[in-house]
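The values are calculated or read from the model by the stated rules, or taken from the named source; none is laboratory data. Everything numeric here is computed off the predicted structure, so don't read it as measured data. Cβ placement follows ideal geometry from the backbone for every residue including glycine, while neighbour counts extend to all protein chains displayed.
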Amino acid sequence: MFQLKIRQILKIFIFIIIILFLHYKLFKIFNFTTQPSDDIILGVVSNSPPLCFDSNSSNPDSFRTDTGTYVSGSDIFLFKELAKNMNKQLKIKPFNFPGILNAVNQKIIDAAIGNMNITEERTKKMNTIEYDVSEIGFLIRKDNHKFKNYINQTEITIQDLKNLIKTHGHISATTTASSIYDIEILNKLNLHKLNPKEDLVNCVNEVEQKRVDLLIFEHPVINLMTSSEANDKNKFQSLKLINNEKNNQQKDFHYPLGIFINKKNTKLYQELTKQIDEIKKSNPNIMDNLREKAIKTYINDNHQKQQINTFGNKIINIIKTYQDSFYISLTLAIDAILIGFLLALILLPLKIWCQSSKKLIQKAINYILVLCIHVTKAVPITIQVVLMYNLLIQKIFFLKGLMGIFCISLIITFLNNTFHFLNNMSRQVNFLESGPIEAAYALGLNSKQVFKYIIL
């Protein structure tokens, strides 16, 4: 008996340690501590070398993100310089597009950068700071007969492109989904849009498989892809699009790269605007210099990846990518089960008391509990989360960002668990005859044992 109690105590102790550890990890992930005034949290999209790309810890020009990964690029170099001039400590969070723009609006991050163009729609929602020009580039196959007159050339004009479209009927193009090229530029150039992809690798594959004629994107990114180091088989070529139109169409393709800041953070917006102006005055060619540095960094990274790109390293990198999600999901599941079960134990006597009563108040309480049980059964949990998110996240200030998403998920999950447990336990009690309970008491079981072994 003593050993059994020791085992139970050890199990409880280990369980408590696990719970505390998970909540400690959650504490670190959500960064519950007050953000110091000298910190600036930057969100990045790291899929566009040399502007912003994934790097590694062995590269001295890479920067560690809060998820343990490393990023580099001309955009990162620029913001590192800005933070230094502002006497602020830079913290970097990686995001996907367009989720990064939602993170700006929800104040999860202070600013966002990473090959994102300034548009009229984005300017309405966020403060934007132009930091670099946007140059349109094409990636084509060298054996594409439609571009035979441009092989080994570096530029193509809009008028030339119009002539090609007129000659061949149409020019098909792909780009990254939801980018400015996908939304506006392809249509303005009268290119036939086909198969927009989530990332550039798949876009290049579309060109390689001859499913489209070209990939349209930022010229520095395209140019790096077709460099000798990145284009081993010499299949591809880059072309910079030159706008030689002399009418209002000059403005139609002006989508500069920008830094995005929440509308309410006017202080940071003013500070960054001032620093950008000062840096450009002191060094007008700063972005060209930073891009050259980023290209060298990217090439060095590729050489290192080829040397250490083993199966084991790939597995480790994948695990690192998902470890925060694992901690959040596991904590959410355990908390929801514990809270749901405890709440169901509290509501069970209330439901049993109310369902046998003829008083109006008790009937109303029982009706509400039954209604909640049916709602949680009938409405998919995904729909519940979406409804709660839209109702609460936008209204309650402390439910912003990742913390808000976790709280909404926890509330929905433990409520569903509560009414699931309540439904099962109340049905068990209703169908249970008094005989087994009386027999259990007669055998010497106490109330807890009766509840555990008979009712549950």
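Just a yes or no: is a residue in segment 130-149 of a type in the set (A, V, I, L, M, F, W, C) and in contact with a Lys or Arg (Cβ under 7 Å, 6 or more places away or on another chain)?
no
Considering every residue within segment 27-34, establish whether at least one is of a type in the set (Val, Ile, Thr) and surrounded by fewer than 16 Cβ atoms within 10 Å (Cβ to Cβ).
yes
Against the definition (in contact with a helix residue (DSSP H, G or I) (Cβ under 9 Å, 6 or more places away or on another chain) and either under 30 Å from PHE253 (Cβ atoms) or not hydroxyl-bearing (Ser, Thr, Tyr) (or both)), how does LYS107 come out, yes or no? I'd like the intermediate steps shown before the answer.
Values: in contact with a helix residue (DSSP H, G or I) (Cβ under 9 Å, 6 or more places away or on another chain): yes; either under 30 Å from PHE253 (Cβ atoms) or not hydroxyl-bearing (Ser, Thr, Tyr) (or both): yes.
Considered against the rule, which asks whether it is in contact with a helix residue (DSSP H, G or I) (Cβ under 9 Å, 6 or more places away or on another chain) and either under 30 Å from PHE253 (Cβ atoms) or not hydroxyl-bearing (Ser, Thr, Tyr) (or both), LYS107 comes out as yes.
For segment 223-259, name all the residues that are part of a loop (DSSP other than H, G, I, E, B), charged (D, E, K, R) and at pLDDT 80 or above.
Within segment 223-259, LYS235 is the sole residue that qualifies.
Test ASN59 against the stated conditions and say whether it is more than 25 Å from VAL201 (Cβ to Cβ) and either surrounded by fewer than 20 Cβ atoms within 10 Å (Cβ to Cβ) or at pLDDT 90 or above (or both).
Criteria not met by ASN59.
Taking segment 204-230 only, how many residues are within 27 Å of the chain's Cα centre (by Cα) and without any contact (Cβ under 8 Å) to a residue 60 or more places away in the chain?
Qualifying residue count for the region: 2.
Give the residues of segment 161-185 that are under 17 Å from GLU218 (Cα atoms) and either in the same structural domain as ILE113 (by the TED database) or outside any helix (DSSP H, G or I) (or both), sorted by residue number.
Within segment 161-185, ALA173, THR174, THR175, THR176, ALA177, SER178, SER179 qualify.
I'm checking my understanding of the structure. Among residues of segment 356-376 that are of a type outside the set (Val, Ile, Thr) and touching a residue at least 12 places away in the same chain (Cβ under 8 Å), which one is farthest from GLY404 (Cα to Cα)? Give the derivation first.
As a first pass, look at segment 356-376 and keep what is of a type outside the set (Val, Ile, Thr): 356-360, 362-364, 366-367, 369, 371-372, 374.
Narrowing the set further to residues that are touching a residue at least 12 places away in the same chain (Cβ under 8 Å) leaves 366, 369, 372.
Working: ASN366: 31, LEU369: 26, CYS372: 23 Å.
By that ranking, first place goes to ASN366.
Output the number of residues of segment 50-69 satisfying the condition of being free of Cβ contacts under 8 Å to residues at least 60 places away in the same chain and over 16 Å from the mean Cα position of the chain (by Cα).
4
Evaluate segment 2-24: report whether one residue or more is surrounded by 14 or more Cβ atoms within 10 Å (Cβ to Cβ), in contact with a strand residue (DSSP E or B) (Cβ under 7 Å, 6 or more places away or on another chain) and either in contact (Cβ under 8 Å) with a residue 60 or more places away in the chain or among the small types (Gly, Ala, Ser) (or both).
no
Evaluate segment 363-381: report whether one residue or more is of a type in the set (A, V, I, L, M, F, W, C), modelled with pLDDT of 85 or more and not in a helix (DSSP H, G or I).
yes
Filter segment 116-149 down to residues that are out of contact with any Phe, Trp or Tyr (no Cβ under 6 Å at 6 or more places or on another chain) and in a loop (DSSP other than H, G, I, E, B) and give me whichever is nearest to ILE100 (Cα to Cα).
MET116
Residues ASN190, ASN195, ASN152, ASN202: which one is surrounded by 14 or more Cβ atoms within 10 Å (Cβ to Cβ), part of a loop (DSSP other than H, G, I, E, B), not assigned by the TED database to the domain that holds PRO49 and not small (Gly, Ala, Ser)?
ASN195
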